[in-house]
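The values are calculated or read from the model by the stated rules, or taken from the named source; none is laboratory data. Computed from a predicted structure; not experimentally measured. Neighbour counts run over all protein chains shown; Cβ positions are idealised from the backbone, glycine included. With ligands, DNA and RNA removed, areas are computed over all heavy atoms of the protein, side chains included. Shrake-Rupley method; radii C 1.70, N 1.55, O 1.52, S 1.80 Å.
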Amino acid sequence: MDTRPVDRATAARIEAAEARAWVDCYAAAPAEFAAQAGLRSREVEGTTVLSWAASGRRYFSRTIGLGVGRPARPETIDEIIRGYERDEISMFLLQSLPHCEPVEYEDWLHERGLEAFDAQDRVIRGPEPYAASSGRAHSHGLTVEAVTADSANEWAEFLQRVYRLDTGTWLQHLVGRPGWYPYLAREDDEIVGARTMFIGADRFAWLGMDGPVPGLTTDDYEPDAAICKTIVQDGLARGVRCFLADIEAPSDTMDTPAYKSFGRLGFRRPYVRHHYGKR
């Protein structure tokens, strides 16, 4: 897979695109559910800060863009951490990218008791045409379809089961919401995979909410690869200028099926993101 880096301004646009997706996703939650679950997003000096207290999962309480859109300051980091403490969230993550400034950024994280927790390979794709066979059929009898009002409950129940989370009716509110395009893969009429595309006003498309996560919660990469293929085709038809996603089970040698499937779709890996948290 191509590993050409991107400059800081481009990385900032990519991260901002993901941040907009999460902010809009959290905003879609019914008010009563959000209040009960401690679900909210806020901005601290240009950094998106996500919180979902009831989930107990670090990934749903994290920062996006810290030190990238603008240089970080110790005071900014302290304000973010204080906010999590006020919300009684101890399981949170602060991201670090090669583009983060200033050079002391990661030292400041260490000084506050945060340690490297995990890594993700960011993968992106431009608007280049993609030549693919017609239809939605794939190997192993897989079919890919867009989630509709008729399948919204089935899709939401699948994701809740995969992630072992209670989302109430939140996910259903994303179906038909402007910018949101959820997809699922079926085998013998049973859902075996899901992933969602969010297209922002800048025509940058974030690909996420993938479940089960290849390499982490399943060894079967085919359903997600089939969905991503459909997403790229549909996204290009909708005028997407940049697709962005993560490989959540990164490999230093980039030799897992995820790199092969994303590579076939024209993605490249411009940088690695690291998360820092308290053990």
Inset, instruction - Just subtract the alpha-carbon distance of residue 272 and residue 33 from 0.36 nm times their residue separation and send over the number in nm, one decimal. - result: 82.7 nm
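Would you mind telling me the share, in percent, of accessible area of the chain contributed by carbon and sulfur at probe 1.4 angstrom? Numbers along the way, then the final one.
Working: 6080 of 12360 Å².
Carbon and sulfur atoms account for 49 percent of the accessible area of the chain.
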Inset, instruction - Determine the distance separating the Cα centre of segment 195-246 from the Cα centre of segment 84-117; give it in Å without decimals. - result: 27 Å
Legend entry - Listed values (1) 1.13; (2) 1.05; (3) 0.98, entry calculated as Cα Rg over 2.2 N^0.38 Å: (3)
Inset, instruction - Quick one: go through segment 238-252 and flag any residue whose amide nitrogen is under 11 Å from the point 7 Å out along the Cα-to-Cβ line of residue 148. - result: none
Legend entry - Whole-Å semi-axes of the ellipsoid equivalent to segment 33-166 (Cα gyration tensor, √5λ, descending): 35, 23, 13
Legend entry - Solvent exposure of the chain as accessible area per residue, Å², 1.4 Å probe: 44 Å²
Inset, instruction - Could you rank the peptides 106-112, 194-200 by their average count of other C-beta atoms within 10 Å per residue, with the highest value first? - result: 194-200, 106-112
Legend entry - Gained length - residue 45 relative to residue 279, 0.36 nm times residue gap less alpha-carbon distance: 81.6 nm
Legend entry - Contour excess over end-to-end distance, with Cα ends at residue 79 and residue 251 and 0.36 nm allotted per residue: 58.6 nm
